[in-house]
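K.L.:
Below is one structure. I have some questions about it.
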Amino acid sequence: QVQLVESGGGLVQAGGSLNLSCAASGTIFSINVMGWYRQVPGKQREVVATMTGGSINYAEPVKGRFTVSRGNARNTVYLLMNNLKPEDTAVYYCYLNYRNAPYWGQGTQVTVSS
């Protein structure tokens with residue numbers, strides 16, 4: 001059983017930074033995809049950034065401001081968010097695809113005040 005635990009959300013002023021972390025537990029080999037999604041009330045969950053093998057993809061609204069990376073322990077993933085904007089306010093979810101099965105973290109709230 002794979003479990004994802006996130007941390008690092010919070011309240012920050014516009015222009016500030018936050019660093020989200022996600023650790024996957026369980027017996028995991030050869031992760032297909034790791035990354036981050038976000039969701040605001042009343043809207044669909046949307047991709048923020050994903051890592052597939054050596055390829056990294058960012059959603060247009062966060063390009064140049066957010067950086068996704070894997071930890072030295074390969075079952076960890078980080079999201080460094082710089083120059084945050086009020087429209088980045090959302091619940092952020094860690095995502096992992098392992099053996100073609102999706103796994104989600106519990107979500108962490110990020111609130112950016114103007």
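K.L.:
Would you mind estimating how fast the chain diffuses translationally, via Stokes-Einstein at 25 °C and 0.890 mPa s with the Kirkwood radius over Cα pairs, in µm²/s?
P.N.:
For these conditions, the coefficient is 174 µm²/s.
K.L.:
Tell me, in nm to one decimal, what length is gained between Asn72 and Lys85 on full extension, where the rule is 0.36 nm per residue of separation less the Cα-Cα distance?
P.N.:
Between Asn72 and Lys85, full extension yields an extra 1.7 nm.
K.L.:
Compute the separation of the alpha-carbon centres of segment 83-114 and segment 5-64 and state it in Å as a whole number.
P.N.:
5 Å
K.L.:
With every protein chain present, what is the per residue accessible area of segment 16-106 (1.4 Å probe, Å²)?
P.N.:
53 Å²
The values are calculated or read from the model by the stated rules, or taken from the named source; none is laboratory data. Model, not experiment: these values are computed from the prediction. Side chains are part of the model used for accessible areas, which takes the heavy atoms of the whole protein and leaves out ligands, DNA and RNA. Shrake-Rupley method; radii C 1.70, N 1.55, O 1.52, S 1.80 Å.
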